[in-house]
1. Quick check: is even one residue across region 92-113 out of contact with any helix residue (DSSP H, G or I) (no Cβ under 7 Å at 6 or more places or on another chain), assigned to a loop (DSSP other than H, G, I, E, B) and touching a residue at least 60 places away in the same chain (Cβ under 8 Å)?
2. Only residues in region 172-185 that are charged (D, E, K, R) count as the first member; pair them with residues that are within 16 Å of ligand 1 (Cβ to nearest atom) and part of a loop (DSSP other than H, G, I, E, B), Cβ under 8 angstrom, at least 6 apart or cross-chain, and list the lot.
3. Run down S171, S205 and say which single residue is within 14 Å of ligand 2 (Cβ to nearest atom) and among the polar types (S, T, N, Q).
4. Assigned to a loop (DSSP other than H, G, I, E, B), farther than 14 Å from R169 by Cα and more than 16 Å from ligand 1 (Cβ to nearest atom): does that describe A81?
5. Of all residues in region 124-143, which are within 16 Å of ligand 1 (Cβ to nearest atom) and surrounded by 15 or more Cβ atoms within 10 Å (Cβ to Cβ)?
6. Considering (1) under 23 Å from V37 (Cα atoms); (2) part of a strand (DSSP E or B), say which one N159 fails and leave the rest.
7. Here are L151, L170, L193: which of them is part of a strand (DSSP E or B), more than 16 Å from ligand 1 (Cβ to nearest atom), over 15 Å from the mean Cα position of the chain (by Cα) and hydrophobic (A, V, I, L, M, F, W, C)?
Amino acid sequence: MSRFKNIIVLAVVVVVLVPVISSFTFASDAPELSTRVFNITVEGADIALFDDTGGDVDNLSVAPLVVKDFTIDYKNDFIFAILGEKGATRGERLAIFTFRDGTINEHWVDMDRKHNPWKIMFEDVDGDAQPEVIVGTWKKTRFHPVFDNRLFVYSWDGNEIFPKWLGSRLSSPFDDFDFRDIDGDGIMELISLELQRNGLKRIMSYKWTGFGFEGYEILEENLQTASLNTLKEGAGK
Ligand SMILES: [Ca+2]
Ligand SMILES: [Ca+2]
């Protein structure tokens, strides 16, 4: 009988405590939405949003396309993405998604499919503390009518992107680009992996001049590599 009584007491304790525990957990895990920290994962067509406890908050599919590359404006809760066909070398169009208040929504999709974008980054190229959206494209231009990699820089006002610099090309044909503060002045330099005339590669840096990028320094040359990852830490300083 006493064992039966203990079970009843335990059952009562569970019934009383569970709502208390769950309401406490809810209160501690759900601070004001504006202070929540979100993590984003992208896999194929699926963009998933997690909160800082690892809980799945929301997700969105861009199917039948996939996300080829993306970058995130964490300050304003935007994702900049390149959408394209699965398996294709390059993407088709740019897209912007928001994840404000824990909900992923499509903000804008570019209907211009002629740029073949393949890499997108979010960096402050001119040092005014407002990051730009930088896109590697593969297209013809009026003055250079063959398909080649080009760099496009867009201004971002927190709602829309505007063309800031649509580069025809860099000093040489390039395979890849990135940003690095080469001279330690707090402003990012553009670095690019370029083809030399002898068929070998070099890594070149550029500074923003106000009107575009101007060659700054050859960081490494006569490389056989096909990757910017060979650039040594502190190169050029
Ligand atoms: Ca800027
Ligand atoms: Ca710098």
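1. The answer is yes; a qualifying residue exists.
2. Going by the 8 Å Cβ cut-off, the qualifying pairs are R180/M188; D181/I187; D181/M188.
3. The match here is S205.
4. Criteria not met by A81.
5. Result: D124, V125, D126, P131, E132, V133, I134, V135.
6. (2)
7. Selected residue: L193, the only one of L151, L170, L193 that is part of a strand (DSSP E or B), more than 16 Å from ligand 1 (Cβ to nearest atom), over 15 Å from the mean Cα position of the chain (by Cα) and hydrophobic (A, V, I, L, M, F, W, C).
Coordinate-derived values only; no laboratory data. Just so you know, these numbers come straight off a predicted model, no measurement behind them. Note that each Cβ is placed from the backbone with ideal geometry, even for glycine, and that neighbours are counted across all protein chains shown.
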